[in-house]
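Heads up: the structure comes next, in structure tokens.
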């Protein structure tokens, strides 16, 4: 008997937050967050998740030397 295969399908989203040097236009810092994208009929739910992700990303800014 062949082994059972388990298939999990999901969609993952990535939020990237870049901080650039205004004078040189060079990348100073990049923060990222990843999460499974869940279907929702409530528009405020994705917006709340994005705000929380940005808050968590910015907890790591400025970078420690």
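Computed from the coordinates by the stated procedures, all read-outs in this text should not be read as laboratory data. Values in this document were obtained by computation on a predicted structure and should not be read as measured data. Here the Cβ is made from the backbone with ideal geometry for all residues, glycine too, and neighbour counts use every protein chain on show.
Scanning the range 41-65 for residues that are loosely packed, with under 10 Cβ neighbours inside 10 Å, part of a loop (DSSP other than H, G, I, E, B) and either over 14 Å from the mean Cα position of the chain (by Cα) or in contact (Cβ under 8 Å) with a residue 40 or more places away in the chain (or both) yields 41, 42, 43, 62, 64, 65.
Looking at residue 15 and the list (1) surrounded by fewer than 10 Cβ atoms within 10 Å (Cβ to Cβ); (2) in contact with a helix residue (DSSP H, G or I) (Cβ under 9 Å, 6 or more places away or on another chain), which single condition is not satisfied? With respect to (1) surrounded by fewer than 10 Cβ atoms within 10 Å (Cβ to Cβ); (2) in contact with a helix residue (DSSP H, G or I) (Cβ under 9 Å, 6 or more places away or on another chain), residue 15 is out only on (1). Residue count for the range 1-15 under the criterion of being over 17 Å from residue 53 (Cα atoms) and under 13 Å from the mean Cα position of the chain (by Cα): the result is 0. The selection criterion, being without any contact (Cβ under 8 Å) to a residue 24 or more places away in the chain, touching a helix residue (DSSP H, G or I) at 6+ places or on another chain (Cβ under 9 Å) and assigned to a loop (DSSP other than H, G, I, E, B), holds for residue 38.
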